[in-house]
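The values are calculated or read from the model by the stated rules, or taken from the named source; none is laboratory data. This one's a predicted model, so the numbers in the text were calculated from it and none came from an experiment. All Cβ positions, even for glycine, are placed from backbone atoms using ideal geometry, and neighbour counts span all protein chains on display.
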Amino acid sequence: MTAFKSQYIAFSAPSGAGKTTIIKHLLQKYPELALSVSATTRPKRNYESDGKDYFFLSQDAFQKAVDKGRFLEYEEVHGNYYGTLKDKVEELIDRGKSVLFDIDVKGALSVKKAYKNSILIFIKPPDSEALRKRLSNRKSEDEETIARRLERQTFEYEQSRFFNFTVINDDLQQAIQEVEKLIIDGQ
């Protein structure tokens, strides 16, 4: 059984930096890890399932959860709310898992505030041009969305100075190995 340096490991990155790919690899390789599933008010897409991709809540249910202090962190993004439910994280911990957070920089800093021993890892692309190319190659976003994501990159880079580690994802396998060294006890 693999031992991790923390039970709380948060990953942030500009969209397209490879964070989700790295997290998926870790989840497949290490059964002791579990992904924190966020709650959202945005509509469920056909291919998504409640509790696996997100916990889909109405605006009213989300607000009630906010009022009751049930969120570790939450934020409005383009008119929809996203957040991490404390009880869902604690359920994973109670099951003996170390929790991975795939989260924006503000959310990661909230994780650090709540769990002092958490590890925050910022995944960076080699440069802005590589990021633009990755976003364009996805073919899932229009130029306006890509421009908005690239614009946010400056803010994300500024916030990354508060993270424990930064990993540059120029070569995916190398980035995965570097992340494993950062999170696995004794490496």
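With respect to the conditions (1) closer than 16 Å to I183 by Cβ; (2) outside any loop (DSSP other than H, G, I, E, B); (3) over 11 Å from the mean Cα position of the chain (by Cα), F55 falls short on a single one, namely (1). Collect the residues in segment 88-107 that are modelled with pLDDT under 95, assigned to a helix (DSSP H, G or I) and surrounded by 19 or more Cβ atoms within 10 Å (Cβ to Cβ), keeping them in residue-number order. Passing the criteria: V105, G107. When V167 is tested against (1) at pLDDT 95 or above; (2) in contact with a Ser or Thr (Cβ under 8 Å, 6 or more places away or on another chain); (3) buried (at least 19 other Cβ atoms within 10 Å of the Cβ); (4) outside any helix (DSSP H, G or I), exactly one condition is not met: (2).
Every condition in (1) out of contact with any Pro (no Cβ under 9 Å at 6 or more places or on another chain); (2) polar (S, T, N, Q); (3) in contact (Cβ under 8 Å) with a residue 12 or more places away in the chain holds for N80 except the one numbered (1). Within segment 108-128, restricting attention to residues that are farther than 13 Å from F4 by Cβ and aliphatic (A, V, I, L, M), the residue that is surrounded by the fewest Cβ atoms within 10 Å (Cβ to Cβ) is A114. If you go through segment 8-51 and pick out every residue that is part of a strand (DSSP E or B) and of a type in the set (S, T, N, Q), you end up with 2. On the given criteria, is L27 touching a residue at least 60 places away in the same chain (Cβ under 8 Å) and among the hydrophobic types (A, V, I, L, M, F, W, C)? Yes.
Restricted to segment 61-76, and to residues there that are among the hydrophobic types (A, V, I, L, M, F, W, C) and within 22 Å of Y8 (Cβ to Cβ), the residue that is surrounded by the most Cβ atoms within 10 Å (Cβ to Cβ) is L72.
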